[in-house]
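S.K.: One structure follows; several queries about it will come next.
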Amino acid sequence: MPFPPAFLDELNSRNPIEDVVGQYVTLTQKSGSLWGLCPFHGEKTPSFHVVPERQIYHCFGCGKGGGVISFIMEIENLPYIEAVRFLA
């Protein structure tokens, strides 16, 4: 069951990645982007990078990255459709 692109655009605009990720990770502003400890693996030095302008995240430690839907899929262990419902 694919979602219409207009619906997904609206979903993404109503769920800024920095707000969603910020509910799970303490983020600190550095060099125009946000950094924190990755929630997907243990680390002592922040390697988890969030870029609000592009609405993406990436961890330089474990390599996970994507947008707000993929973040919710990973952190909440949900399939795609359930992650979309979670954000809606």
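S.K.: So if a site counts as exposed when it's one of the trypsin sites (Lys or Arg not before Pro), its DSSP state isn't H, G, I, E or B, and it has at most 13 other Cβ atoms within 10 Å, what's the longest stretch of the chain without one?
M.R.: Numbers: sites that count: Lys44, Arg54.
Segment 1-43 is the longest.
S.K.: When the accessible area of the chain is split by element with a 1.4 Å probe, what percent falls to carbon and sulfur? Don't jump to the answer; show the numbers that get you there.
M.R.: Numbers: 2930 of 5350 Å².
In the chain, the share of accessible area belonging to carbon and sulfur is 55 percent.
S.K.: Then there's this: Per 10 Å bin, what percent of the C-alpha pairs of the chain does each bin hold, from zero upward?
M.R.: Bin by bin from 0 Å, the calculated values are 17, 52, 26, 5, 0.
S.K.: Which whole-number value in Å² is the accessible area per residue of the chain, probe 1.4 Å?
M.R.: Details: 5350 Å² over 88 residues.
Counting only protein heavy atoms, the per-residue value for the chain is 61 Å².
S.K.: Per-residue ellipticity at 222 nm for the chain, helices alone: DSSP H runs ≥ 4 residues times -39500 (n - 2.57), over residue total, nearest 500 deg cm²/dmol?
M.R.: On the way: 4 runs with 33 residues, N = 88.
About -10000 deg cm²/dmol.
S.K.: If you take every residue apart from His49 with its C-beta less than 13 Å away from the C-beta of His49, what net charge results, scoring Lys and Arg +1 and Asp and Glu -1? Numbers along the way, then the final one.
M.R.: On the way: positive: Lys30, Arg54, Lys64; negative: Glu18, Glu43, Glu53.
Local charge sum for His49: 0.
S.K.: Which length gain, in nm to one decimal place, applies between Val51 and Phe3 when the Cα-Cα distance is subtracted from 0.36 nm times their residue separation?
M.R.: Gain on stretching Val51 to Phe3: 14.8 nm.
The values are calculated or read from the model by the stated rules, or taken from the named source; none is laboratory data. None of these values were measured; they are calculated from a predicted model. Glycine gets a Cβ as well: all are built from the backbone with ideal geometry, and neighbour counts include every protein chain shown. All accessible areas refer to the heavy atoms of the entire protein, side chains included, with ligands and DNA or RNA removed. Shrake-Rupley method; radii C 1.70, N 1.55, O 1.52, S 1.80 Å.
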